[in-house]
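One structure below.
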Amino acid sequence: MDITSLQNPRVKHIVKLRDDRRTRKEHGSMLVEGYDEIQLALSAGHKPQTLLTSPELASRQIAGLSAETLTVSRHVFEKISYRDNPDGWLAIFPIPQVSLEDLKLNAPPLIVVAESIEKPGNLGAMLRTADAAHVDAILLCDPRVDLWNPNVVRASRGAVFSVPVVESENRSALDWLRRKKLQVFAATPSADVAYTDVDMRQPVAIAVGTEDEGLTDFWVSNADIKVKIPMMGKVNSLNVSVSTALIVYEVLRQRET
């Protein structure tokens, strides 16, 4: 057993990586917990710096890696874990560096622009939708949530590694979309047309904002088309991850038919 003490400096460092955005940024490292999530990161070509496992908790094995591998006691693993029911696997990965110019688009491309997202669970759910629907990329504009927060990784079930995500300012993102000749569809309750009544078979970027504030005027005023999701009850907005899923799958439906 390599680490059994909660006072071990490595344990304290890992807890800081888990809890502190500044530490993650300073070291360029992030945590990924869970056998399935680590395997998805590996299959996407990412290589861990360190792999930690608790033999008392791990029922499956990850083998054949050149990364440093440390065994830790159960109480140490529970200290560094951020899951309710840990499965005994946690890894430290370098934070991926992706720019707008790195993105490779399919034909026709489908991009999601997510503005000012603030909840890790929402961003994680959007990433899972993007993975399932083969969205080309998510442009995370003026984010309030840290993309590499462990709770985003957990909520995305590892899709943060399978879907390219670029953090960008609004203007840079819009300029890039214009250069790539994508039409921008802004999802907003102020629109006059339903999202199911517009042609989304061309190259398209779907812009969504938060439930409380929606998209800023930047995206609403610069959009080629504004679309709405019909609301027939007393609530005036849907969860942003639900809205994203509805519109993204409408794009797929139109393109398949």
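The values are calculated or read from the model by the stated rules, or taken from the named source; none is laboratory data. The model shown is predicted, which means the values in this text are computed figures rather than measured ones. Positions of Cβ are backbone-derived with ideal geometry, glycine not excepted, and every protein chain shown enters the neighbour counts.
Would you pick out the residues in the stretch 208-249 that are polar (S, T, N, Q) and modelled with pLDDT of 95 or more?
216, 221, 222, 241, 243, 244
Condition first: out of contact with any strand residue (DSSP E or B) (no Cβ under 9 Å at 6 or more places or on another chain) and surrounded by 14 or more Cβ atoms within 10 Å (Cβ to Cβ). Now tell me which residues in the stretch 57-78 satisfy that.
Selection gives 74, 78.
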Taking the stated definitions as given, is residue 112 of a type in the set (Val, Ile, Thr) and within 30 Å of residue 255 (Cβ to Cβ)? yes
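Residues are listed down the side, and each one gets a yes or a no for (1) more than 15 Å from residue 95 (Cβ to Cβ); (2) in contact (Cβ under 8 Å) with a residue 40 or more places away in the chain; (3) within 19 Å of the chain's Cα centre (by Cα):
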position: 1; (1), (2), (3): yes, yes, no
position: 4; (1), (2), (3): yes, yes, no
position: 20; (1), (2), (3): no, no, yes
position: 26; (1), (2), (3): no, no, no
position: 29; (1), (2), (3): no, yes, yes
position: 32; (1), (2), (3): no, yes, yes
position: 40; (1), (2), (3): yes, yes, yes
If you check every pair at least six apart or on different chains, which have Cβ atoms under 6 Å apart with a residue in the stretch 130-158 that is over 27 Å from residue 203 (Cα atoms) first and a residue that is β-branched (Val, Ile, Thr) second? 145/117; 148/95; 153/32; 153/160
Members of the stretch 213-241 found to be without any contact (Cβ under 8 Å) to a residue 24 or more places away in the chain and under 24 Å from residue 119 (Cβ atoms), listed by number: 217, 233, 234, 235
Could you check the stretch 63-85 and list, in sequence order, the residues that are hydroxyl-bearing (Ser, Thr, Tyr) and in contact (Cβ under 8 Å) with a residue 60 or more places away in the chain? 71, 73, 82
Those residues of the stretch 131-148 which are crowded, with 20+ Cβ neighbours inside 10 Å and under 25 Å from residue 25 (Cα atoms), in sequence order: 137, 138, 139, 140, 141, 145, 147, 148
Screening 137, 173, 125 for residues that are touching a helix residue (DSSP H, G or I) at 6+ places or on another chain (Cβ under 9 Å), among the hydrophobic types (A, V, I, L, M, F, W, C) and under 23 Å from residue 87 (Cβ atoms) leaves only 125
